[in-house]
1. Could you please give the count of residues in region 32-72 that are in contact (Cβ under 8 Å) with a residue 24 or more places away in the chain and acidic (Asp, Glu)?
2. Scan region 66-85 for residues that are in a loop (DSSP other than H, G, I, E, B) and either touching a Gly at 6+ places or on another chain (Cβ under 8 Å) or not hydrophobic (A, V, I, L, M, F, W, C) (or both) and report the count.
3. Using the structure shown, decide if GLU93 is surrounded by fewer than 20 Cβ atoms within 10 Å (Cβ to Cβ) and in contact (Cβ under 8 Å) with a residue 60 or more places away in the chain.
4. Can you find even one residue in region 13-21 that is over 15 Å from CYS81 (Cβ atoms), of a type in the set (Val, Ile, Thr), at pLDDT 95 or above and surrounded by 18 or more Cβ atoms within 10 Å (Cβ to Cβ)?
Amino acid sequence: MSDTSTTAGVEVTDNPGESRYEARLEGNLAGIAQYIRTDELIAFVHTEVERAYEGRGVGSALVRASLDAARADGVAVLAVCPFYTGWIGRHREYQDLLYTSGSRVTD
């Protein structure tokens, strides 16, 4: 595992072996964001937050950390998951990451 980020007490780690970002709160697995990745694109396909941790910012921490990592890596984002689509729609500062036909994120 690599690339750890902490937001509002939620620790988010990329687990490339499982193709997912993992969010931990209070040391427990609180949520995941599954993805499919290529060298130029990351598609977020499913996000899930454990019921006990809903409403505590776990989903937002997952999205923010994973999108920040995508930006740092220079890859475009395909938001297949409705949670990602909605979150990006409310946070315009991340809309430049969205994949469009023929797009490529560059430095």
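The values are calculated or read from the model by the stated rules, or taken from the named source; none is laboratory data. Fair warning: this is a prediction, and the values are worked out from it, not measured in the lab. Neighbour counts run over all protein chains shown; Cβ positions are idealised from the backbone, glycine included.
1. 3
2. Taking region 66-85 and keeping what is in a loop (DSSP other than H, G, I, E, B), we get 74-75, 80-81.
Applying the additional criterion that residues be either touching a Gly at 6+ places or on another chain (Cβ under 8 Å) or not hydrophobic (A, V, I, L, M, F, W, C) (or both) yields 74.
Residues flagged as in a loop (DSSP other than H, G, I, E, B) and either touching a Gly at 6+ places or on another chain (Cβ under 8 Å) or not hydrophobic (A, V, I, L, M, F, W, C) (or both) within region 66-85 amount to 1.
3. Numbers: surrounded by fewer than 20 Cβ atoms within 10 Å (Cβ to Cβ): yes; in contact (Cβ under 8 Å) with a residue 60 or more places away in the chain: no.
The answer is no for GLU93.
4. Of all residues in region 13-21, those over 15 Å from CYS81 (Cβ atoms) come to 13-18.
Checking the rest, the ones that are also of a type in the set (Val, Ile, Thr) come to 13.
In the following step, the residues that additionally are at pLDDT 95 or above were identified as 13.
Restricting the remaining residues to those that are surrounded by 18 or more Cβ atoms within 10 Å (Cβ to Cβ) gives none.
No: zero hits.
Yes/no per residue for (1) surrounded by fewer than 21 Cβ atoms within 10 Å (Cβ to Cβ); (2) in contact with a helix residue (DSSP H, G or I) (Cβ under 6 Å, 6 or more places away or on another chain); (3) not in a helix (DSSP H, G or I):
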site	(1), (2), (3)
GLN34	yes, no, yes
VAL45	yes, no, yes
GLY55	yes, no, yes
VAL63	no, yes, no
TRP87	yes, yes, no
